[in-house]
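Step one of this worksheet: look at the structure below.
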Amino acid sequence: MTKTQSNPDRCAVADRLSFSGHETFVFRHAWLKKAVDAVEEDRAIFTQDNAIVTLGVGKNMVRSIRHWALATGIIAEEPKSRGVRLQVTELGRMLFGNSGFDPYLEDPNTLWLLHWHILAQEQRATTWNWVFNRFPATEFTRASLTQFIIDEARRIDAPSAAENSIHRDVEVLLRMYVGTSEARRSAGEDDLDCPLSELNLIEAPQGNDVFQLHRGPRPSLGDYIFVYALCDFWNGISEQQETLAFSEIAYRKGSPGTVFRLDENTIAERLERLDGITGGKFVYTETAGLRQVYRHSPIMPYDWLREYYVAAGDLLDVEVLS
């Protein structure tokens, strides 16, 4: 019998978890734009023999591009098509469409946004979700992280969790966030790095097999993306709920504080700016030791994103002209 976890954090059904699909490749700078363009032309492109020519990569990379485009939420499987037909999502069109705001991933906030959406996909990127939402250690090795994922999979009896798959998953995750070695970079292999390595979420300070996953200020994460994530998280809990506690925002699974690995002081500083940023729609209060955010009126997450990118584009135009 399939085991499920009944809790408010929307844990996935065990037999729907995934520890594969990426073909051991991290996604690269041009892949997501390629995926959107290809699906706009042919919704069944990833099942076609000409996908290799259209995307300009090998067969395994075609499957990897499909996986990462789905994992980042820029494309989605068309209902009742059994994954054969795909469609570009609102997020994909906004970022990578013909008039997309950031087709070449030049804005660090786009990278934070993609990271946020990957972690929302527990059933497609299980290891990613568990590392940031469940893993208790701040310092670890490949072996200890791999064992943690294996133990978690066994705990919920996930049938897709072959140990070899988990080993490969962990290796890809580390390459995604840490990047390639300095030696490989000096050999001209920068293009093999995943752009998410720029976020510095996972570090290898000694260049060896000891990694660090700390909370911190994340200065490249803009307030608009933080608010977008807060809205998305809040709506996932309850679209009608009018207040949200600081502890939920900071530490609950799937929260901005947890996914972005933000420290408490940084979260408090960002929440204190909510009133001004949102025009009074969200207000942070500290009363008698109770810290919480009030939602006086809703924010439409994608409208909020669009507002950010329009403003960022206008600012860029001004800088270019000056």
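Looking at (1) at pLDDT 95 or above; (2) of a type in the set (A, V, I, L, M, F, W, C); (3) over 17 Å from the mean Cα position of the chain (by Cα), which is the only condition Ile237 fails?
It fails just one condition, (1).
Listed here are the residues, each with its yes/no results for (1) modelled with pLDDT of 95 or more; (2) crowded, with 20+ Cβ neighbours inside 10 Å; (3) within 15 Å of Leu114 (Cβ to Cβ); (4) not hydroxyl-bearing (Ser, Thr, Tyr).
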site: Asp15; (1), (2), (3), (4): no, no, no, yes
site: Phe19; (1), (2), (3), (4): no, yes, no, yes
site: His29; (1), (2), (3), (4): no, no, yes, yes
site: Leu55; (1), (2), (3), (4): yes, yes, no, yes
site: Ile65; (1), (2), (3), (4): yes, yes, yes, yes
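Please enumerate the residues belonging to segment 58-74 that are in contact (Cβ under 8 Å) with a residue 24 or more places away in the chain and β-branched (Val, Ile, Thr).
Ile65, Thr72, Ile74
Give the residues of segment 42-76 that are of a type in the set (A, V, I, L, M, F, W, C) and either under 15 Å from His22 (Cα atoms) or assigned to a loop (DSSP other than H, G, I, E, B) (or both), sorted by residue number.
Of everything in segment 42-76, those that are of a type in the set (A, V, I, L, M, F, W, C) and either under 15 Å from His22 (Cα atoms) or assigned to a loop (DSSP other than H, G, I, E, B) (or both) turn out to be Ala44, Phe46, Val57, Met61, Val62, Ile65, Trp68, Ala69, Leu70, Ala71, Ile74.
Report, by residue number, each residue of segment 77-120 that is crowded, with 17+ Cβ neighbours inside 10 Å, not aliphatic (A, V, I, L, M) and not in a helix (DSSP H, G or I).
Listed by number, the residues that qualify are Arg85, Thr89, Gly97, Gly100, Phe101, Asp102, Pro103, Asp107.
Condition first: hydrophobic (A, V, I, L, M, F, W, C) and without any contact (Cβ under 8 Å) to a residue 40 or more places away in the chain. Now tell me which residues in segment 106-142 satisfy that. Lay out the reasoning, then the answer.
First, pick out the residues of segment 106-142 that are hydrophobic (A, V, I, L, M, F, W, C): 111-114, 116, 118-120, 125, 128, 130-132, 135, 137, 140.
The one that is hydrophobic (A, V, I, L, M, F, W, C) and without any contact (Cβ under 8 Å) to a residue 40 or more places away in the chain: Trp130.
Show the residue pairs meeting these rules: Cβ distance below 8 Å; 6+ apart or different chains; first residue within segment 289-305 and open to solvent by 90 Å² or more (accessible area, probe 1.4 Å); second residue polar (S, T, N, Q) and part of a loop (DSSP other than H, G, I, E, B).
none
Among the residues of segment 138-162, write down those that are in a loop (DSSP other than H, G, I, E, B) and under 20 Å from the mean Cα position of the chain (by Cα). If you could, list the steps in order and put the result at the bottom.
First, pick out the residues of segment 138-162 that are in a loop (DSSP other than H, G, I, E, B): 138, 156-162.
Thr138, the sole residue that qualifies.
Could you grab me the full set of residues in segment 205-220 that are more than 17 Å from Phe135 (Cα to Cα) and either at pLDDT 95 or above or of a type in the set (A, V, I, L, M) (or both)?
Pro217, Arg218, Pro219, Ser220
The values are calculated or read from the model by the stated rules, or taken from the named source; none is laboratory data. These numbers come from a predicted model, not from an experiment. With ideal geometry, Cβ positions are generated from the backbone for all residues, glycine too; neighbour counts draw on all protein chains shown. Keep in mind that these areas ignore ligands, DNA and RNA; they rest on the heavy atoms of the full protein, side chains included. Shrake-Rupley method; radii C 1.70, N 1.55, O 1.52, S 1.80 Å.
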